[in-house]
Amino acid sequence: MTMAGFEFTVDSKNVDESHPRDLAADLIPAFLAKKKAHSFIDDISDRVIVIGADTIVILNGKIYEKPNDREHAIEMLSALSGQMHEVITGVCILSREKELVFSETTKVYFNKLSKEEIEFYVDNYKPFDKAGSYACQEWIGAVAINRFEGDYFNVVGLPINRVYRELKKF
């Protein structure tokens, strides 16, 4: 947001991240982003805009959210190794007068990783709060990601290019 020239503050609330089990995987991030943004509805003044976001990773139709522990993170990264997966970030832009909800999808291609590389990353970077158990802006992004199709910043967690364009219209 700073790179795009916005003044902002970061705040969070403990929001239940459950979603309807029958909700299509590609709709989950937008559903959760809306839930997160609406948790601030009582705090919105006339000159405040809230942006809520949520990211998931999908590989072969399976959703990879945040890992439960070290072993779960290793399991996730082992599954992603050598594969293309999709990163979907849902965004909700909310003011007192209106709301805009959208999702952005980026394809990420991982190189094949050894068990030692995966364990090194998990043990040194502790990606337990990251969808898919990784952050592309860390070591793993430099050595494991072969290429992106779509917005790099979407994989970081916020598709700032799209957010910027939508905020200009908002």
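A few points about this structure:
- Its DSSP H runs of at least 4 residues, each contributing -39,500 (n - 2.57), put the calculated 222 nm mean residue ellipticity of the chain at -9000 deg cm²/dmol, to the nearest 500.
- Taking Thr2, Thr9, Thr105, Thr55 and counting other C-beta atoms within 10 Å, the order from fewest to most: Thr9, Thr2, Thr105, Thr55
- Exposure here means at most 15 other Cβ atoms within 10 Å; with trypsin sites (Lys or Arg not before Pro) in a DSSP loop as sites, the longest stretch of the chain lacking them is 113-170.
- Listed pairs Lys35/Lys66; Lys13/Lys107; Lys34/Lys107 exceeding 21 Å between Cα atoms: Lys13/Lys107; Lys34/Lys107
- Only the Cβ atoms of Lys and Arg (+1) and of Asp and Glu (-1) were treated as charged; on that basis the dipole of the chain about its Cα centre amounts to roughly 440 debye.
- Each of Leu100, Leu94 was scored by other Cβ atoms within 10 Å of its Cβ. Listed from fewest to most, they are Leu100, Leu94.
- Taking Cα atoms only, the orientation of helix 115-125 departs from the longest principal axis of the chain by about 40 degrees.
All of the numbers you see were taken from the coordinates with simple rules; none came from a lab. Quick caveat: nothing in here was measured; it's all calculated off a predicted structure. So basically every Cβ, Gly included, is an ideal-geometry build from the backbone, and we count neighbours across all protein chains shown.
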